[in-house]
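Written out below as structure tokens is the structure these notes cover.
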Amino acid sequence: MNRRSFLACSVSTLITSCGRYDDFRLPTVERIPAQGRWVWEPHAAPVLTRGQAGEWDAVDALNPSVVKHGDLYYNFYSGYDGKSWHTGLATSTDGLRWSKAGKVLSPEGAEGSYIAANGAAFRTAAEFLYYYETGGPVLRLALARSSDGKSWRREGRIVLGTGPRGSWDERSVADPYVVRYGSYYYLYYLGQDRARRQRLGIARSADGVEWTKLRANPILELGEFGAFDENGLGEPAVWFSHGSYWMLYTGRDRGERRRMGFARSQDGVKWDKVNSPILAGNQDWNRMVVCDATVEVQPDHVRVWFGGGDAPRPAEGLNGQIGYGALRWQQS
């Protein structure tokens, strides 16, 4: 940590940890970015449906986090049973046909009884890391580790807590998405302030456990009046392609309809929203909600798994299911 770094604490954050802040960016892109646009090719039907009545994911199956390890895709997704959010596992050889393996994480102990889900998975050489939301109504981020994706060991403490009094993420941190470039992990996340505004920020870590927040957070602001993202931002997914960093994020309008938009950056910190396309549902099952992207970059396209629903509600009860689509670059 350099001399410009500092620690910020408040009464509300002492129960977790002091927050570290610094100035940083992702490896800077030096070449001229490609000119063009993404073309969205969604599958019509969901690829992972919610469970039967009485099962742990009967109400909602959302928030996919897809990681490939060996010959298998591992999908750590979130299921809601009407009372609590859990994390479950599904596996696939092609990313389209999934076999459910059941719950792998549920809220327990000091985490409360509401949520241990809505997380981001990352595979290291030795293990899976899974950053997930815990608590409620104030949400924070915890970490669990697993060698096989089924048996998990909790870190035992909050790894990313809320900010100090008056900050943009004072009331909650949520919706993590983790990438690694160079020597660092980067965690993009949602922050909520006391006015309930939800915007996006970033933190950095050398080991995936101790995180430093960007001093200049938030990095992406609410849309203007009438925009698809005027009422809140969340669920970022970040990748590098065609000379730029890209972000898919969820926007909420005042009617709680959710759609996904794009932002573009040359350093992963300063982002510009891209006017089109806006990814919206066009089937009965996702006509009100398209959200929760997770991506895999291929040589000629980007694979996208996402959540969808037909009920515009702020948190759960969306009749959520998981869909799939591909983004293809169209040169201008």
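Mind checking which residues of the stretch 146-188 are touching a Ser or Thr at 6+ places or on another chain (Cβ under 7 Å), over 23 Å from Tyr74 (Cβ atoms) and not small (Gly, Ala, Ser)?
Ile158, Thr162, Pro164, Arg165, Asp169, Glu170, Arg171, Val173, Tyr184
Each row is one residue, and each column tells you yes or no for (1) buried (at least 20 other Cβ atoms within 10 Å of the Cβ); (2) hydroxyl-bearing (Ser, Thr, Tyr); (3) touching a Pro at 6+ places or on another chain (Cβ under 7 Å); (4) more than 16 Å from Pro312 (Cα to Cα).
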position	(1), (2), (3), (4)
Pro236	yes, no, no, yes
Trp239	no, no, no, yes
Gly255	no, no, yes, no
Met260	yes, no, no, no
Ser265	yes, yes, no, yes
Ser276	no, yes, no, yes
Gly281	yes, no, no, no
Met288	yes, no, yes, no
Cys291	yes, no, no, no
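Being more than 18 Å from the chain's Cα centre (by Cα), in a loop (DSSP other than H, G, I, E, B) and either in contact (Cβ under 8 Å) with a residue 40 or more places away in the chain or at positive phi (or both) narrows it down to one residue among Ala34, Ala101; which is it?
On the way: Ala101 fails: in a loop (DSSP other than H, G, I, E, B).
Exactly one residue qualifies, and that residue is Ala34.
Does the stretch 56-70 hold any residues that are touching a strand residue (DSSP E or B) at 6+ places or on another chain (Cβ under 9 Å) and either surrounded by fewer than 24 Cβ atoms within 10 Å (Cβ to Cβ) or under 9 Å from Gly307 (Cα atoms) (or both), and which are they? Don't jump to the end; show me each part of the working.
Filtering the stretch 56-70 down to residues touching a strand residue (DSSP E or B) at 6+ places or on another chain (Cβ under 9 Å) leaves 56-69.
Matches in the stretch 56-70: Trp56, Ala58, Val59, Ala61, Leu62, Asn63, Pro64, Val66, Val67, Lys68, His69.
On the basis of being more than 20 Å from Tyr177 (Cβ to Cβ) and hydrophobic (A, V, I, L, M, F, W, C), does Leu89 make the cut?
On the way: more than 20 Å from Tyr177 (Cβ to Cβ): no; hydrophobic (A, V, I, L, M, F, W, C): yes.
Spelling it out, it is not the case that Leu89 is more than 20 Å from Tyr177 (Cβ to Cβ) and hydrophobic (A, V, I, L, M, F, W, C).
Can you pull out every residue in the stretch 40-52 that is outside any loop (DSSP other than H, G, I, E, B) and of a type in the set (Ser, Thr, Tyr)?
Applying the first criterion (outside any loop (DSSP other than H, G, I, E, B)) to the stretch 40-52 yields 40-42, 48.
Across the stretch 40-52, there are no qualifying residues.
Residue under question is Asn319, and the condition is that it be closer than 21 Å to Gly82 by Cα, crowded, with 17+ Cβ neighbours inside 10 Å, touching a helix residue (DSSP H, G or I) at 6+ places or on another chain (Cβ under 8 Å) and not hydrophobic (A, V, I, L, M, F, W, C); does it hold?
Working: closer than 21 Å to Gly82 by Cα: yes; crowded, with 17+ Cβ neighbours inside 10 Å: yes; touching a helix residue (DSSP H, G or I) at 6+ places or on another chain (Cβ under 8 Å): yes; not hydrophobic (A, V, I, L, M, F, W, C): yes.
Spelling it out, Asn319 is indeed closer than 21 Å to Gly82 by Cα, crowded, with 17+ Cβ neighbours inside 10 Å, touching a helix residue (DSSP H, G or I) at 6+ places or on another chain (Cβ under 8 Å) and not hydrophobic (A, V, I, L, M, F, W, C).
Matching residues to (1) free of Cβ contacts under 8 Å to residues at least 60 places away in the same chain; (2) small (Gly, Ala, Ser):
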site: Asp229; (1), (2): yes, no
site: Glu235; (1), (2): no, no
site: His242; (1), (2): no, no
site: Tyr245; (1), (2): no, no
site: Asp253; (1), (2): yes, no
site: Arg258; (1), (2): yes, no
site: Phe262; (1), (2): no, no
site: Gly268; (1), (2): no, yes
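Grab the strands (runs of 3 or more DSSP E) fully contained in the stretch 229-301, keeping just those with 2 or more residues being farther than 29 Å from Thr49 by Cβ.
Numbers: elements: 232-241, 244-252, 258-265, 272-279, 289-297.
It comes to 232-241, 244-252, 258-265, 272-279.
Within the stretch 84-105, track down each residue that is of a type outside the set (S, T, N, Q) and within 21 Å of Tyr132 (Cβ to Cβ). Give the derivation first.
First, the residues of the stretch 84-105 that are of a type outside the set (S, T, N, Q): 85-86, 88-90, 94-98, 100-105.
If the condition is that a residue be of a type outside the set (S, T, N, Q) and within 21 Å of Tyr132 (Cβ to Cβ), then Trp85, His86, Gly88, Leu89, Ala90, Trp98, Lys100, Ala101, Gly102, Lys103, Val104, Leu105 are the ones that fit.
I'd like the residue in the stretch 113-172 that is within 26 Å of Val295 (Cα to Cα) and among the basic types (Lys, Arg) and, out of all such residues, is surrounded by the fewest Cβ atoms within 10 Å (Cβ to Cβ).
Looking at the filtered set, the residue picked out is Arg153.
I'd like the full set of residues that are in a loop (DSSP other than H, G, I, E, B) and either modelled with pLDDT under 95 or closer than 23 Å to Arg287 by Cβ (or both), limited to the stretch 53-92.
Answer for the stretch 53-92, where residues must be in a loop (DSSP other than H, G, I, E, B) and either modelled with pLDDT under 95 or closer than 23 Å to Arg287 by Cβ (or both): Ala53, Asp57, Ala58, Val59, Asn63, Pro64, Gly82.
Pull out all pairs, ordered by first then second residue, where Cβ-Cβ is under 6 Å, the residues are six or more apart or on different chains, the first lies in the stretch 131-152 and is over 16 Å from Ile115 (Cα atoms), and the second is at pLDDT 95 or above and in a loop (DSSP other than H, G, I, E, B).
Filtered contacts from the stretch 131-152: Arg145/Glu127; Ser146/Trp152; Ser147/Glu127.
Please work out which one of (1) part of a loop (DSSP other than H, G, I, E, B); (2) hydrophobic (A, V, I, L, M, F, W, C); (3) over 18 Å from Asp229 (Cβ atoms) is the condition Leu318 fails and give its number.
(3)
For the stretch 195-218, which residues satisfy the criterion of being surrounded by fewer than 20 Cβ atoms within 10 Å (Cβ to Cβ) and among the hydrophobic types (A, V, I, L, M, F, W, C)?
Ala195, Ala206, Val209, Leu214, Ala216
Among what's in the stretch 96-112 and is surrounded by 17 or more Cβ atoms within 10 Å (Cβ to Cβ) and either of a type outside the set (Val, Ile, Thr) or farther than 16 Å from Arg154 by Cα (or both), pick the residue that is modelled with the lowest pLDDT.
Quick first cut of the stretch 96-112, residues surrounded by 17 or more Cβ atoms within 10 Å (Cβ to Cβ) only: 98, 100, 103-107, 111.
Going one step further and asking which of them are either of a type outside the set (Val, Ile, Thr) or farther than 16 Å from Arg154 by Cα (or both), we end up with 98, 100, 103, 105-107, 111.
Working: Trp98: 98, Lys100: 98, Lys103: 98, Leu105: 98, Ser106: 98, Pro107: 97, Glu111: 94.
Here the residue is Glu111.
The values are calculated or read from the model by the stated rules, or taken from the named source; none is laboratory data. Since this is a predicted model, take the numbers as computed values, not measurements. Don't worry about glycine lacking a Cβ; one is built from the backbone with ideal geometry, like all the others, and counts go over all protein chains shown.
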